[in-house]
Amino acid sequence: MSHPLVNDRYIKATLQQETDRTPIWMMRQAGRYLPEYRQLRAEAGSFMDLCTNPELACEVTMQPLRRYPLDAAILFSDILTIPDAMGLGLYFTPGEGPAFKKAVRDEKAVKALPILDPHQELKYVTDAVSTIRRELKGSVPLIGFSGSPWTLATYMVEGGTTKNFSEVKGLMYEQPAVMHQLLDKLADSIIVYLNAQVEAGAQALMIFDTWGGVLTPRDYQELSLRYMAKIVDGLTREKDGQRIPVTLFTKGGGKWLDLMAATGCDCLGVDWTTDLNEARQRVAGKVALQGNMDPSMLYASDERIREEVETILASYGHGNGHVFNLGHGIHQTVNPEKAGVFINAVHELSKKYHQ
Ligand code: CP3
(Lines give C-alpha, C1' and ligand atoms only; values in the text may rest on other atoms or scores of the structure.)
Protein backbone atom coordinates (compact mmCIF):
# COMPACT_ATOMS: atom_id res chain seq x y z
CA MET A 1 0.00 0.00 0.00
CA SER A 2 3.01 2.25 -0.13
CA HIS A 3 2.53 5.20 -2.50
CA PRO A 4 5.20 6.09 -5.04
CA LEU A 5 7.01 9.28 -4.03
CA VAL A 6 5.57 12.22 -6.01
CA ASN A 7 8.19 14.80 -4.97
CA ASP A 8 11.58 13.13 -4.56
CA ARG A 9 13.76 16.27 -4.87
CA TYR A 10 14.94 16.00 -1.26
CA ILE A 11 16.01 12.35 -1.63
CA LYS A 12 17.68 13.06 -4.97
CA ALA A 13 19.58 16.09 -3.66
CA THR A 14 20.91 14.19 -0.62
CA LEU A 15 22.20 11.57 -3.08
CA GLN A 16 23.64 14.27 -5.38
CA GLN A 17 21.30 13.36 -8.21
CA GLU A 18 19.81 15.82 -10.67
CA THR A 19 16.79 17.95 -9.68
CA ASP A 20 14.93 20.81 -11.42
CA ARG A 21 15.44 23.15 -8.45
CA THR A 22 16.98 23.09 -4.97
CA PRO A 23 14.73 21.30 -2.44
CA ILE A 24 13.93 22.98 0.86
CA TRP A 25 12.71 22.09 4.32
CA MET A 26 13.29 23.89 7.64
CA MET A 27 14.71 22.51 10.86
CA ARG A 28 11.92 22.76 13.46
CA GLN A 29 9.40 23.46 10.72
CA ALA A 30 6.62 22.16 12.97
CA GLY A 31 6.47 24.13 16.18
CA ARG A 32 5.78 27.21 18.21
CA TYR A 33 6.08 29.87 15.48
CA LEU A 34 2.85 28.43 14.01
CA PRO A 35 -0.37 29.56 15.76
CA GLU A 36 -2.08 26.28 14.77
CA TYR A 37 0.68 24.40 16.63
CA ARG A 38 0.22 26.50 19.77
CA GLN A 39 -3.51 25.91 19.66
CA LEU A 40 -3.21 22.16 19.29
CA ARG A 41 -0.62 22.00 22.08
CA ALA A 42 -2.96 23.93 24.39
CA GLU A 43 -5.78 21.51 23.57
CA ALA A 44 -3.55 18.45 24.07
CA GLY A 45 -2.08 19.74 27.35
CA SER A 46 1.67 19.68 26.67
CA PHE A 47 4.44 19.13 24.14
CA MET A 48 4.92 15.52 25.30
CA ASP A 49 1.16 14.90 24.97
CA LEU A 50 1.58 15.79 21.28
CA CYS A 51 4.66 13.58 20.84
CA THR A 52 3.17 10.50 22.50
CA ASN A 53 -0.13 10.58 20.58
CA PRO A 54 0.50 9.35 16.99
CA GLU A 55 -2.59 11.10 15.58
CA LEU A 56 -1.58 14.44 17.12
CA ALA A 57 2.10 14.01 16.19
CA CYS A 58 0.92 13.36 12.63
CA GLU A 59 -1.32 16.43 12.63
CA VAL A 60 1.56 18.65 13.86
CA THR A 61 3.92 17.18 11.25
CA MET A 62 1.41 18.10 8.53
CA GLN A 63 0.80 21.69 9.69
CA PRO A 64 3.80 23.35 7.97
CA LEU A 65 3.18 21.28 4.81
CA ARG A 66 -0.31 22.73 4.49
CA ARG A 67 1.08 26.25 4.66
CA TYR A 68 4.22 25.97 2.54
CA PRO A 69 5.46 24.07 -0.54
CA LEU A 70 8.13 22.15 1.42
CA ASP A 71 10.04 19.24 -0.09
CA ALA A 72 10.20 17.06 3.02
CA ALA A 73 8.29 16.29 6.21
CA ILE A 74 10.09 15.62 9.50
CA LEU A 75 8.68 13.40 12.19
CA PHE A 76 7.27 15.45 15.06
CA SER A 77 9.06 14.15 18.13
CA ASP A 78 12.17 15.05 20.12
CA ILE A 79 15.74 13.84 20.49
CA LEU A 80 15.15 13.38 24.24
CA THR A 81 12.65 10.53 23.81
CA ILE A 82 15.54 8.04 24.14
CA PRO A 83 16.75 9.12 27.59
CA ASP A 84 13.11 9.41 28.65
CA ALA A 85 12.51 5.82 27.51
CA MET A 86 15.61 4.78 29.49
CA GLY A 87 13.78 5.92 32.62
CA LEU A 88 15.25 9.37 33.29
CA GLY A 89 11.89 11.16 33.45
CA LEU A 90 11.84 13.95 30.86
CA TYR A 91 9.88 17.09 31.66
CA PHE A 92 9.66 20.61 30.27
CA THR A 93 9.29 23.78 32.31
CA PRO A 94 8.02 26.74 30.26
CA GLY A 95 10.90 29.04 29.36
CA GLU A 96 13.53 26.75 30.89
CA GLY A 97 13.81 24.01 28.29
CA PRO A 98 14.01 20.28 28.90
CA ALA A 99 15.08 18.60 32.15
CA PHE A 100 15.31 15.11 33.65
CA LYS A 101 14.18 13.90 37.08
CA LYS A 102 17.32 11.73 37.25
CA ALA A 103 20.78 12.64 35.93
CA VAL A 104 23.44 10.07 34.91
CA ARG A 105 26.66 11.03 36.70
CA ASP A 106 28.59 7.84 37.55
CA GLU A 107 29.38 4.31 36.46
CA LYS A 108 26.54 2.82 38.50
CA ALA A 109 24.01 5.04 36.75
CA VAL A 110 25.45 4.24 33.30
CA LYS A 111 25.38 0.48 34.02
CA ALA A 112 21.79 0.74 35.24
CA LEU A 113 20.56 2.23 31.93
CA PRO A 114 18.49 -0.36 30.10
CA ILE A 115 19.18 -1.32 26.49
CA LEU A 116 16.44 0.29 24.50
CA ASP A 117 13.70 -1.81 22.91
CA PRO A 118 12.14 0.61 20.41
CA HIS A 119 9.06 -1.58 20.07
CA GLN A 120 8.21 -1.12 23.73
CA GLU A 121 8.75 2.29 25.33
CA LEU A 122 9.06 4.14 22.02
CA LYS A 123 6.25 2.44 20.16
CA TYR A 124 4.48 5.81 20.07
CA VAL A 125 7.29 7.06 17.78
CA THR A 126 7.10 4.23 15.23
CA ASP A 127 3.29 4.46 15.35
CA ALA A 128 3.59 8.18 14.57
CA VAL A 129 5.93 7.38 11.65
CA SER A 130 3.50 4.93 10.07
CA THR A 131 0.54 7.27 10.67
CA ILE A 132 2.39 10.18 9.02
CA ARG A 133 3.44 8.02 6.06
CA ARG A 134 -0.19 7.08 5.48
CA GLU A 135 -1.27 10.73 5.70
CA LEU A 136 1.49 11.99 3.37
CA LYS A 137 0.27 9.66 0.62
CA GLY A 138 3.67 9.82 -1.05
CA SER A 139 3.57 13.63 -1.50
CA VAL A 140 7.00 14.26 0.05
CA PRO A 141 9.49 12.02 1.90
CA LEU A 142 9.41 11.64 5.68
CA ILE A 143 12.63 12.29 7.61
CA GLY A 144 13.18 10.31 10.81
CA PHE A 145 15.77 11.48 13.34
CA SER A 146 17.69 11.06 16.55
CA GLY A 147 20.18 13.05 18.61
CA SER A 148 23.85 12.06 18.48
CA PRO A 149 25.21 10.05 21.43
CA TRP A 150 27.30 13.02 22.59
CA THR A 151 24.38 15.46 22.41
CA LEU A 152 22.06 13.08 24.28
CA ALA A 153 24.81 12.47 26.86
CA THR A 154 25.10 16.22 27.55
CA TYR A 155 21.42 16.37 28.55
CA MET A 156 21.59 13.09 30.51
CA VAL A 157 24.69 13.98 32.53
CA GLU A 158 23.73 17.61 33.11
CA GLY A 159 20.15 16.63 33.91
CA GLY A 160 18.91 19.25 31.46
CA THR A 161 20.04 22.28 29.51
CA THR A 162 23.47 23.73 30.31
CA LYS A 163 25.57 26.76 29.48
CA ASN A 164 29.07 25.58 30.33
CA PHE A 165 28.83 21.75 30.20
CA SER A 166 30.61 21.42 33.55
CA GLU A 167 29.07 18.09 34.62
CA VAL A 168 29.41 16.32 31.28
CA LYS A 169 32.92 17.61 30.68
CA GLY A 170 33.85 16.79 34.27
CA LEU A 171 32.79 13.17 33.69
CA MET A 172 34.50 13.07 30.31
CA TYR A 173 37.85 14.35 31.61
CA GLU A 174 37.83 12.52 34.96
CA GLN A 175 36.25 9.20 34.00
CA PRO A 176 36.68 8.75 30.26
CA ALA A 177 35.91 5.00 30.41
CA VAL A 178 32.50 5.68 31.98
CA MET A 179 31.81 8.36 29.39
CA HIS A 180 32.66 5.92 26.59
CA GLN A 181 30.37 3.27 28.12
CA LEU A 182 27.53 5.77 28.11
CA LEU A 183 28.20 6.87 24.51
CA ASP A 184 28.46 3.29 23.31
CA LYS A 185 25.19 2.32 24.98
CA LEU A 186 23.52 5.33 23.39
CA ALA A 187 24.94 4.51 19.95
CA ASP A 188 23.54 0.96 20.17
CA SER A 189 20.15 2.30 21.25
CA ILE A 190 20.11 4.93 18.47
CA ILE A 191 20.88 2.29 15.83
CA VAL A 192 17.88 0.15 16.79
CA TYR A 193 15.69 3.25 17.23
CA LEU A 194 16.49 4.68 13.78
CA ASN A 195 16.20 1.28 12.11
CA ALA A 196 12.77 0.90 13.73
CA GLN A 197 11.81 4.30 12.26
CA VAL A 198 12.91 3.08 8.80
CA GLU A 199 10.97 -0.15 9.28
CA ALA A 200 7.88 1.95 10.14
CA GLY A 201 8.31 4.12 7.03
CA ALA A 202 10.95 6.84 7.52
CA GLN A 203 12.50 7.48 4.07
CA ALA A 204 15.56 9.45 5.22
CA LEU A 205 17.39 9.88 8.52
CA MET A 206 19.04 12.79 10.26
CA ILE A 207 21.30 12.83 13.33
CA PHE A 208 21.35 16.09 15.30
CA ASP A 209 24.67 16.72 17.02
CA THR A 210 23.66 20.04 18.51
CA TRP A 211 26.54 20.17 21.00
CA GLY A 212 29.45 18.55 19.10
CA GLY A 213 30.82 22.04 18.44
CA VAL A 214 31.66 22.64 22.12
CA LEU A 215 34.36 19.95 22.05
CA THR A 216 38.07 20.29 21.26
CA PRO A 217 38.95 18.89 17.83
CA ARG A 218 40.42 15.75 19.36
CA ASP A 219 37.49 15.18 21.72
CA TYR A 220 35.06 15.80 18.88
CA GLN A 221 36.57 12.90 16.97
CA GLU A 222 36.77 10.58 19.98
CA LEU A 223 33.49 11.38 21.72
CA SER A 224 31.09 12.57 19.06
CA LEU A 225 32.18 11.66 15.54
CA ARG A 226 33.35 8.13 16.37
CA TYR A 227 29.92 7.20 17.73
CA MET A 228 28.07 8.84 14.85
CA ALA A 229 30.25 6.78 12.49
CA LYS A 230 29.31 3.64 14.44
CA ILE A 231 25.64 4.55 13.98
CA VAL A 232 26.03 5.20 10.23
CA ASP A 233 27.61 1.75 9.94
CA GLY A 234 24.69 0.10 11.73
CA LEU A 235 21.82 1.75 9.86
CA THR A 236 19.48 0.22 7.31
CA ARG A 237 20.51 2.05 4.15
CA GLU A 238 18.04 0.60 1.70
CA LYS A 239 14.36 -0.29 1.90
CA ASP A 240 12.04 -1.47 -0.90
CA GLY A 241 14.83 -0.77 -3.40
CA GLN A 242 15.18 2.85 -2.23
CA ARG A 243 18.34 4.28 -0.66
CA ILE A 244 17.70 5.77 2.81
CA PRO A 245 19.91 8.88 2.89
CA VAL A 246 21.57 9.80 6.19
CA THR A 247 22.40 13.40 7.13
CA LEU A 248 24.74 14.34 9.98
CA PHE A 249 24.52 17.81 11.50
CA THR A 250 27.08 19.04 14.00
CA LYS A 251 26.29 22.61 15.00
CA GLY A 252 29.62 24.43 14.94
CA GLY A 253 31.15 21.53 13.01
CA GLY A 254 32.11 23.46 9.85
CA LYS A 255 35.80 22.88 10.46
CA TRP A 256 35.35 19.10 10.58
CA LEU A 257 33.30 18.53 7.43
CA ASP A 258 35.93 16.38 5.72
CA LEU A 259 36.11 14.08 8.77
CA MET A 260 32.32 13.92 8.94
CA ALA A 261 32.10 13.11 5.22
CA ALA A 262 34.39 10.11 5.81
CA THR A 263 31.78 8.40 8.03
CA GLY A 264 29.89 7.14 4.97
CA CYS A 265 26.86 9.40 5.46
CA ASP A 266 25.16 10.91 2.40
CA CYS A 267 24.73 14.53 3.44
CA LEU A 268 26.06 17.02 5.99
CA GLY A 269 24.08 19.80 7.65
CA VAL A 270 25.98 23.08 7.80
CA ASP A 271 25.23 26.02 10.11
CA TRP A 272 25.49 29.67 9.00
CA THR A 273 29.02 30.21 10.33
CA THR A 274 30.46 28.24 7.42
CA ASP A 275 30.63 29.44 3.82
CA LEU A 276 28.87 26.89 1.62
CA ASN A 277 31.32 27.35 -1.22
CA GLU A 278 34.22 26.51 1.07
CA ALA A 279 32.25 23.59 2.50
CA ARG A 280 31.57 22.24 -0.99
CA GLN A 281 35.26 22.35 -1.81
CA ARG A 282 36.15 20.66 1.48
CA VAL A 283 33.84 17.70 0.96
CA ALA A 284 34.90 17.40 -2.69
CA GLY A 285 31.80 15.63 -3.99
CA LYS A 286 31.81 12.96 -1.25
CA VAL A 287 28.52 14.11 0.28
CA ALA A 288 25.66 16.52 -0.32
CA LEU A 289 25.27 19.63 1.86
CA GLN A 290 22.25 20.95 3.73
CA GLY A 291 21.88 24.55 4.85
CA ASN A 292 22.57 27.21 5.78
CA MET A 293 20.70 30.50 6.20
CA ASP A 294 20.98 32.18 9.60
CA PRO A 295 17.53 31.58 11.21
CA SER A 296 17.57 35.22 12.37
CA MET A 297 17.46 36.34 8.72
CA LEU A 298 13.72 35.63 9.00
CA TYR A 299 13.44 38.82 11.07
CA ALA A 300 14.63 40.88 8.07
CA SER A 301 12.61 42.44 5.24
CA ASP A 302 11.28 40.29 2.38
CA GLU A 303 13.86 41.86 0.04
CA ARG A 304 16.72 41.11 2.41
CA ILE A 305 15.58 37.48 2.79
CA ARG A 306 15.44 37.02 -0.99
CA GLU A 307 18.87 38.58 -1.35
CA GLU A 308 20.30 36.17 1.24
CA VAL A 309 18.72 33.16 -0.49
CA GLU A 310 20.37 34.29 -3.74
CA THR A 311 23.73 34.73 -1.97
CA ILE A 312 23.57 31.23 -0.48
CA LEU A 313 22.52 29.63 -3.78
CA ALA A 314 25.37 31.41 -5.55
CA SER A 315 27.77 30.38 -2.81
CA TYR A 316 26.94 26.69 -3.29
CA GLY A 317 26.98 27.27 -7.02
CA HIS A 318 25.66 25.43 -10.02
CA GLY A 319 24.72 21.76 -9.88
CA ASN A 320 23.29 19.11 -7.60
CA GLY A 321 23.76 18.06 -4.00
CA HIS A 322 22.32 21.05 -2.11
CA VAL A 323 19.33 20.83 0.23
CA PHE A 324 18.32 24.34 1.27
CA ASN A 325 17.62 24.79 4.97
CA LEU A 326 18.20 27.15 7.86
CA GLY A 327 21.54 26.73 9.63
CA HIS A 328 19.58 25.74 12.78
CA GLY A 329 15.97 25.60 13.93
CA ILE A 330 13.45 28.33 13.07
CA HIS A 331 12.95 30.68 16.07
CA GLN A 332 9.60 30.63 17.84
CA THR A 333 9.04 34.40 17.45
CA VAL A 334 9.37 34.40 13.65
CA ASN A 335 6.33 35.62 11.68
CA PRO A 336 5.10 32.59 9.67
CA GLU A 337 4.71 34.82 6.59
CA LYS A 338 8.49 35.31 6.55
CA ALA A 339 8.99 31.55 6.32
CA GLY A 340 6.74 31.65 3.24
CA VAL A 341 8.85 34.41 1.67
CA PHE A 342 11.99 32.36 2.33
CA ILE A 343 10.60 29.11 0.89
CA ASN A 344 9.15 30.79 -2.21
CA ALA A 345 12.46 32.54 -2.83
CA VAL A 346 14.27 29.19 -2.85
CA HIS A 347 11.73 27.77 -5.30
CA GLU A 348 12.00 30.70 -7.64
CA LEU A 349 15.68 31.60 -7.48
CA SER A 350 17.19 28.10 -7.46
CA LYS A 351 15.98 26.96 -10.91
CA LYS A 352 18.80 28.65 -12.76
CA TYR A 353 21.39 26.68 -10.77
CA HIS A 354 19.97 23.44 -12.19
CA GLN A 355 19.87 24.25 -15.91
O1 CP3 B 1 9.70 20.14 13.14
C2 CP3 B 1 10.68 19.51 13.55
O3 CP3 B 1 11.85 19.85 13.34
C4 CP3 B 1 10.46 18.17 14.22
C5 CP3 B 1 10.44 18.14 15.64
C6 CP3 B 1 11.68 18.37 16.51
C7 CP3 B 1 11.56 18.92 17.81
N8 CP3 B 1 12.78 18.85 18.41
C9 CP3 B 1 10.31 19.43 18.38
C10 CP3 B 1 10.36 20.28 19.58
C11 CP3 B 1 13.02 18.03 16.32
C12 CP3 B 1 13.71 17.47 15.09
C13 CP3 B 1 13.70 18.33 17.54
C14 CP3 B 1 15.13 18.06 17.77
C15 CP3 B 1 15.78 18.55 19.00
N16 CP3 B 1 15.26 18.60 20.28
C17 CP3 B 1 17.13 18.96 19.07
C18 CP3 B 1 18.12 18.93 17.92
C19 CP3 B 1 17.95 20.07 16.99
C20 CP3 B 1 18.39 21.40 17.56
O21 CP3 B 1 17.51 22.25 17.75
O22 CP3 B 1 19.58 21.58 17.77
C23 CP3 B 1 17.40 19.32 20.40
C24 CP3 B 1 18.70 19.85 20.97
C25 CP3 B 1 16.21 19.09 21.15
C26 CP3 B 1 16.02 19.25 22.63
C27 CP3 B 1 14.93 20.19 22.95
N28 CP3 B 1 13.58 19.93 22.77
C29 CP3 B 1 15.03 21.50 23.48
C30 CP3 B 1 16.34 22.18 23.81
C31 CP3 B 1 13.72 22.00 23.63
C32 CP3 B 1 13.24 23.28 24.25
C33 CP3 B 1 13.75 24.51 23.71
C34 CP3 B 1 13.66 24.64 22.23
O35 CP3 B 1 14.71 24.58 21.55
O36 CP3 B 1 12.57 24.80 21.69
C37 CP3 B 1 12.84 21.02 23.13
C38 CP3 B 1 11.37 21.13 23.01
C39 CP3 B 1 10.79 21.04 21.65
N40 CP3 B 1 11.13 20.11 20.71
C41 CP3 B 1 9.78 21.88 21.11
C42 CP3 B 1 9.48 21.40 19.83
C43 CP3 B 1 8.44 21.91 18.88
C44 CP3 B 1 9.10 23.03 21.83
C45 CP3 B 1 8.12 22.45 22.78
C46 CP3 B 1 6.98 23.37 23.06
O47 CP3 B 1 7.12 24.18 23.97
O48 CP3 B 1 5.97 23.24 22.36
May I ask you to verify whether Ala279 is open to solvent by less than 20 Å² (accessible area, probe 1.4 Å) and within 16 Å of the ligand (Cβ to nearest atom)? no
Counting only residues that are more than 14 Å from the ligand (Cβ to nearest atom) and surrounded by 17 or more Cβ atoms within 10 Å (Cβ to Cβ), the stretch 207-221 contains a total of 3
Condition check: at pLDDT 95 or above, in a helix (DSSP H, G or I) and in contact with a strand residue (DSSP E or B) (Cβ under 7 Å, 6 or more places away or on another chain). Does Met297 satisfy that? no
So if I check each of Lys123, Lys108, Lys101, which one is surrounded by fewer than 19 Cβ atoms within 10 Å (Cβ to Cβ), within 13 Å of Tyr155 (Cα to Cα), free of Cβ contacts under 8 Å to residues at least 40 places away in the same chain and more than 15 Å from the ligand (Cβ to nearest atom)? Lys101
Looking only at residues in the stretch 1-20 that are exposed (fewer than 12 other Cβ atoms within 10 Å of the Cβ) and modelled with pLDDT of 95 or more, which one is nearest to Gln203 (Cα to Cα)? Val6
Among the residues of the stretch 332-349, is any open to solvent by 30 Å² or more (accessible area, probe 1.4 Å) and within 16 Å of the ligand (Cβ to nearest atom)? yes
What pairs can you find where one residue is in the stretch 332-355 and under 17 Å from Ile312 (Cα atoms), the other is polar (S, T, N, Q) and open to solvent by less than 80 Å² (accessible area, probe 1.4 Å), and their Cβ atoms are less than 7 Å apart, with a gap of 6+ or different chains? Val346/Thr22; Ser350/Thr22; Tyr353/Thr22; His354/Thr19
Looking at the stretch 292-301, can you tell me whether even one residue there is in contact (Cβ under 8 Å) with a residue 24 or more places away in the chain, of a type in the set (S, T, N, Q) and open to solvent by 20 Å² or more (accessible area, probe 1.4 Å)? yes
Residues located in the stretch 241-258, provided they are open to solvent by 20 Å² or more (accessible area, probe 1.4 Å) and touching a Phe, Trp or Tyr at 6+ places or on another chain (Cβ under 8 Å): Lys251
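For every residue, the table says whether it meets (1) surrounded by fewer than 18 Cβ atoms within 10 Å (Cβ to Cβ); (2) near the ligand (Cβ under 9 Å from one of its atoms).
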| site | (1), (2) |
| --- | --- |
| Glu36 | yes, no |
| Leu40 | yes, no |
| Leu50 | no, yes |
| Pro54 | no, no |
| Leu65 | no, no |
| Asp84 | no, no |
| Thr93 | yes, no |
| Glu96 | yes, yes |
Is at least one residue of the stretch 259-270 open to solvent by 60 Å² or more (accessible area, probe 1.4 Å), of a type outside the set (A, V, I, L, M) and modelled with pLDDT of 95 or more? no
Those residues of the stretch 141-165 which are more than 10 Å from the ligand (Cβ to nearest atom), farther than 17 Å from Val198 by Cβ and either touching a strand residue (DSSP E or B) at 6+ places or on another chain (Cβ under 7 Å) or open to solvent by less than 20 Å² (accessible area, probe 1.4 Å) (or both) amount to Pro149, Trp150, Ala153, Met156, Val157, Gly159, Phe165
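The values are calculated or read from the model by the stated rules, or taken from the named source; none is laboratory data. Keep in mind the model is a prediction, meaning the values are calculated, not measured. For neighbour counting, all protein chains shown are included, and Cβ atoms are generated from backbone atoms with ideal geometry for every residue, glycine included. All accessible areas refer to the heavy atoms of the entire protein, side chains included, with ligands and DNA or RNA removed. Shrake-Rupley method; radii C 1.70, N 1.55, O 1.52, S 1.80 Å.
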